Amino acid sequence: MKITVGCIGDLLVEIMRKKVDEPLGEPGVFVGPYPSGASGIFIDAIARLGLEARFIGAVGNDDFGGLIIKRFKQDGVDTSHIRVLNSDTTGVAFVTYMSDGSRKFIYHLSKAATGQIFPEDIDPAYISGLNYLHIVGSTMSINEHSAKACMKAIDIVKESGGKISFDPNFRPELISQDEVQKLFNPIMSKSDIIFPTDEEMKVLTGEEDIKEACFKLLDFGISIVAVKKGKEGSIVFTKDDEIEVPSFKVEEVDPTGAGDCYCAGFLFGMIKSMDLKETARFANAVGALAVTRKGPMEGAPTLEAVEKFLKTA
């Protein structure tokens, strides 16, 4: 039986400042374009790990869209339900990195092709029977019809016996903190696994204490809260367990996409029936390898690369 993971969401290219601490509001040098989008990075990582990967989304009929489609086909993502639009250009994110680890984005999404995802684009025959459907908060935040499309997909997958994983991926450039709970609570009540950061847990629950925030999330009926802590590794919470797993030391080149690859690695571990500690360790390794190359998808590792890394780590 094939194990299938699906995702619906944002596809875009990322164009980034060449050096850190360069404001976006001043002339300077950029590098890229790189295929990106939190949902796109996730599903590409799933495919590179060797799982069947399905995606619903949209790109423009332009060179940027062609770049994304080419990468997906190369890595084994099913592109049959990615619409190529003549009426809209492919989404773009401009980003700059700061020496304190923070990032700043300027997005062209809501009126780009990536924002043209509608409930009628969700084909039940394509996603019924998925083992997991992964939803990313940045897709929910693009516009109302993208959010409705995600909720329709969730209902179809749940009714067919599949599970839902959710990465809040809160982006203040797309949605305010005041809107987060209203938009995300309905999906959290239907999620089996959630992948927040420390800061996202505070936004989602209003709790400053991380453990209290986790318990509040578990009260939604979520089975697993896997907290992404970047260089500090990750902590996995269930009703009965709290498992802290340290990170791996690597030379960081580009942190974008590490969290999305972590999510892919975690679902891989769950699908392969690893225990929670082993699953989190595997996910930490996938996330660590993701930061070792420039570009959001460039570091997404193959299963062979992860296994080799774990043997020597």
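Coordinate-derived values only; no laboratory data. Note that this is a predicted model, so its numbers are computed, not measured. Every residue, glycine as well, gets a Cβ built from its backbone with ideal geometry; the counts of neighbours run over all protein chains shown.
Of note:
- FRET efficiency estimate (nearest 0.05) - Cβ-Cβ, R293 to D209, R0 35 angstrom: 0.45
- Computed 3J(HN,Hα) for the stretch 217-222, one whole-Hz value per residue from the Karplus formula 6.51 cos²θ - 1.76 cosθ + 1.60 where θ = phi - 60°, is 5, 4, 5, 6, x, 5, glycine and proline marked x.
- Neighbour counts of C-beta atoms inside 10 Å place D167, D88 in the sequence D88, D167, starting with the fewest.
- Beta bridges from DSSP with both residues in the stretch 4-312: antiparallel share about 40 percent, rounded to the nearest 5.
- Take every Cα pair under 8 Å whose residues are at least 6 apart in sequence, average their separation, divide by the length of the stretch 4-312, and the relative contact order is 16 percent.
- Highest-first arrangement of 134-143, 18-27, where packing means the average Cβ count within 10 Å: 134-143, 18-27
- Amide proton proximity set for I56, modelled H, under 5 Å, gap of 5+: C7, I8, G9
- The chain - mean residue ellipticity at 222 nm from DSSP helices (-39,500 (n - 2.57) per run, n ≥ 4, rounded to 500): -11000 deg cm²/dmol
- Of the GluC sites (Glu not before Pro) in the stretch 181-211, the ones in a loop by DSSP (not H, G, I, E or B) with at most 11 other beta carbons within 10 Å are E208.
- Projecting the Cα atoms of A125, V136, A112 onto the charge dipole of the chain (Cβ charges, centred on the Cα centre) puts A125 farthest toward the positive pole.
- Applying a threshold of 29 Å to the alpha-carbon distances of K19/K148; K163/K277; K70/K158; K148/K228; K73/K239 flags K19/K148; K70/K158; K73/K239 as lying beyond it.
- Spin-label model, K272 to E159: label points 7 Å out along the Cα-to-beta-carbon direction sit 3.4 nm apart.
- Measuring r between the beta carbons of S102 and K182 and using R0 = 35 Å, the FRET efficiency lands at 0.85.
- Where both bridge residues fall in the stretch 74-226, DSSP classifies roughly 40% of the beta bridges as antiparallel.
- Alpha-carbon centroids, the stretch 88-120 and the stretch 1-40: separation in whole Å: 8
- Under Karplus coefficients 6.51, -1.76 and 1.60, residue-wise ³J(HN,Hα) of the stretch 25-30 in Hz, glycine/proline x: x, 10, x, x, 9, 10
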